[in-house]
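Take a look at the structure set out below.
Laboratory data are not the source of any read-out in this text; all were calculated from the coordinates shown. As the structure is a prediction and not an experimental result, all values here were calculated from the model. Every residue, glycine among them, receives a Cβ derived from its backbone with ideal geometry; neighbour counts consider all protein chains shown.
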Amino acid sequence: MPPHYSVQMISIRLGSAADAHAIAQVRRDSWHAAYEGIIPTPAIERATAFGAPAAAPPPYRRTVVAEAGDHPAVVGYASFGPERTVATPFVSAASRGAANRGTANPGGPLTADGLAGLVGELYALYVTPAWWSTGTGRALMDHVLTALRADDYPRAVLWVLADNARARRFYERAGFAPDGGSNVITGLGGVLEFRYTRDL
């Protein structure tokens, strides 16, 4: 049985290049725990493999990490910024067109609403499985929502797999609700995802 910790032991800070390996490990562990039975295992392995050179993050993306434990270690992270036209490297731009992602910006990866500061997006939020149900995810979510409000975004969106019931419950408790947007991620075995939104 995983250990349980109080939220007081969690600290949130800005991520840095030095956190890259820890973030990749959290992502890999959480993908295997959350997506087994939803995404084919070979696709999970490809998507979370170590060793490939990491692309430099775009300047608009911010990442925060959650540290916890007696010897603080990264146990979760979240990344966010303006709404994007393409939210994952496993989806072609054509499969996430204007019908599902808002008005596309032909000059870059952000939607017109993202560029205009009207819609922020939670790109990713992952917590290592041993720290699920400890308040870590909620602490990360609270930090992201506070930062988006501080940037004067009136609305936030995120994308969640349709079959990920645990994540959907988490986002709904945080005030998000499906808005009718959907997309099939062909690069991950044809899984369906839904768009969730909330006012800030």
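Please list 162-168, 110-116 highest first by mean number of surrounding beta-carbon atoms within 10 Å per residue.
110-116, 162-168
Could you please report the charge total around G120, scoring K, R as +1 and D, E as -1 over all other residues with beta-carbon less than 11 angstrom from its beta-carbon?
Net local charge, G120 excluded: 0.
Extension gain D70-L115, at 0.36 nm per residue separation less the Cα-Cα distance, in nm? Don't skip to the answer; put the middle values down first.
Details: separation 45, 0.36 × 45 = 16.20 nm, distance 4.12 nm.
So the extension gain works out to 12.1 nm.
Net charge near G175, counting Lys/Arg +1 and Asp/Glu -1 over other residues with Cβ under 10 Å of its Cβ? Kindly include the intermediate steps, with their values, before the conclusion.
Values: positive: R173, R198; negative: E172, D199.
Summing Lys/Arg as +1 and Asp/Glu as -1 gives 0.
To make sure I understand, if each residue's beta carbon is the centre and we count other beta carbons within 10 Å, what order do H32, H21 fall in, fewest to most?
Working: H32 15, H21 11.
So the residues, fewest neighbours to most, are H21, H32.
Work through the residues other than A33 whose Cβ is under 12 Å from its Cβ and net out their charges, Lys, Arg +1 and Asp, Glu -1.
Counting the neighbours of A33, the net charge comes to +1.
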